[in-house]
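To keep things clear, I will list the structure first and then write my remarks on it.
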Amino acid sequence: MLGRRSLRSIWQLHTKAASSPLPRLPRKVKIVEVGPRDGLQNEKSVVTTKVKIELINRLSKTGLPVVEAASFVSPKWVPQMADATEVMSGIQRQPGVVYPVLTPQPQRFEAAVAAGAQEVSIFGAASESFSRKNINCSIDESVERFRDVCNAAKKLGIPVRAYVSCVLGCPYEGDISPKAVAKVASQFKDLGCYEVSLGDTIGIGTPGSMATMLAEVLAHIPVSCLAVHCHDTYGQALSNILVALQMGVSVVDSSISGLGGCPYAPGASGNVATEDVVYMLDGLGIETGVDMKSLVDASYFISDSLGRKPSSKVSLALKCSKL
């Protein structure tokens, strides 16, 4: 069993890595922190507005460039996000940090803009069944619905990011064709989305399936327009992210303390923990600009607020070593 000094020594050696012998890795990776929105929306107990604001403020000071703040959706379907306007008005915005919000409908987009949103996100799926369960329409219908949001955003000069769910598997259909993923991702790109995040919603993917899916998508969309969003249900998230990095992807979604799940994907565990992703990237010599100590502090803040330990192995290990 490693003692505290051994853990500390390992961390110091780990962070000294200046480069990696692995081929085709990006020099820098943008981390998109989704914990305050995608992470908290699946919590059964209501998280107070005060806690959400404090979490976002803490994350804003870690060096993260993007902190997804809220979701402007019907509180009937996602009651955890009912205080989106209050959250947006209460956060302390840091220079250089972007605070996107989810806005699936034109009226929700207008509310988000009124609350000060400067970037918005829309979401669809590569699975017809999941699309109907999640947003009550077909894939093609969802794309048409989002057209109005994208057009309104374009007029105001507001960037739009798209999420595609179930890119490596669906809780209702099983395997998903990479061609289906590429089609939906291309449709969102054609709508004017500057970035498309490919989500393994139920965390069922493996490095092999990730590589096959990305190869198909990259035949249609530049790698500079792609991100990956991995859940860790089967413990494959970091491996899948590494494969994506080797294929040129340089944007990774993650969630503080591994928060998350999906209310429409039974059995899906949390997103990959931001702390674990940053630790891996640090070890590969890839720049993120994120301070690990501040990140771990934020992880324990939200975990304590929820009455449980962090799901991040890195947070647990570093806390034991008192780094």
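The numbers here are math on the coordinates, done by the rules we state, and not lab data. Being a predicted model, the structure only gives us computed values, none of them experimental. Because the Cβ atoms are built from the backbone with ideal geometry, glycine has one as well, and the counts that use them run over all protein chains shown.
Can you work out ³J(HN,Hα) from phi for every residue in region 286-301, in order, using Karplus 6.51 cos²θ - 1.76 cosθ + 1.60 and θ = phi - 60°, giving whole Hz and x for Gly and Pro?
9, 6, 10, x, 9, 8, 5, 4, 4, 5, 5, 4, 5, 4, 6, 4
I'd like to know which of 185, 286, 89 lies farthest towards the positive end of the charge dipole of the chain, counting +1 on Cβ of Lys and Arg and -1 on Cβ of Asp and Glu.
My answer, from the dipole projection, is 286.
Residues with amide H under 5 Å of residue 32's amide H, sequence separation 5 or more or different chain, H placed in the peptide plane at 1.01 Å from N; which?
Residues meeting the amide H criterion: 252, 253, 254.
Rounded to the nearest 20 Debye, what is the dipole magnitude of region 36-97 about its Cα centre when Lys and Arg each give +1 and Asp and Glu each give -1 at the C-beta? Can you show the working numbers first?
Details: 8 positive and 6 negative charges, 18 e Å.
With Lys and Arg at +1 and Asp and Glu at -1, about 80 debye.
Can you match Rg and Dmax of the Cα atoms in Å to one of these, (1) 24.5, 82; (2) 18.6, 59; (3) 24.8, 100, based on a calculation from the structure here?
Label (2) holds the value from this structure.
Past the 29 Å Cα-Cα mark, which pairs from 44/179; 61/319; 183/293; 30/154; 30/189; 50/313?
Details: 44/179 35 Å; 61/319 19 Å; 183/293 41 Å; 30/154 23 Å; 30/189 19 Å; 50/313 27 Å.
Among 44/179; 61/319; 183/293; 30/154; 30/189; 50/313, the Cα-Cα distance tops 29 Å for 44/179; 183/293.
How big is the dipole moment of the chain about its Cα centre under a simple scheme where the beta carbon of each Lys and Arg is +1, that of each Asp and Glu is -1, and everything else is neutral? Debye, nearest 20, please. Each step should come with its number before you reach the end.
Working: 33 positive and 29 negative charges, 185 e Å.
That gives a dipole near 880 debye.
³J(HN,Hα) across region 236-244 via Karplus (A = 6.51, B = -1.76, C = 1.60, θ = phi - 60°), whole Hz, x for Gly/Pro?
9, 4, 5, 4, 5, 5, 4, 4, 4
In terms of modelled amide H atoms, which long-range or inter-chain residues lie less than 5 Å from the amide H of residue 102?
Counting only residues 5 or more places away or on other chains, the set is 70, 71, 72, 121.
So what J values fall out for region 271-282 if you push phi through Karplus, 6.51 cos²θ - 1.76 cosθ + 1.60 with θ = phi - 60°, rounded to Hz, Gly and Pro as x?
Listing the rounded values in order: 5, 4, 6, 4, 4, 5, 5, 5, 4, 5, 5, 4 Hz.
Please get the size of the charge dipole for region 36-146, origin at its Cα centre, with Cβ charges of +1 on Lys and Arg and -1 on Asp and Glu, quoted in debye to the nearest 20.
Details: 12 positive and 12 negative charges, 77 e Å.
The calculation lands at about 360 debye.
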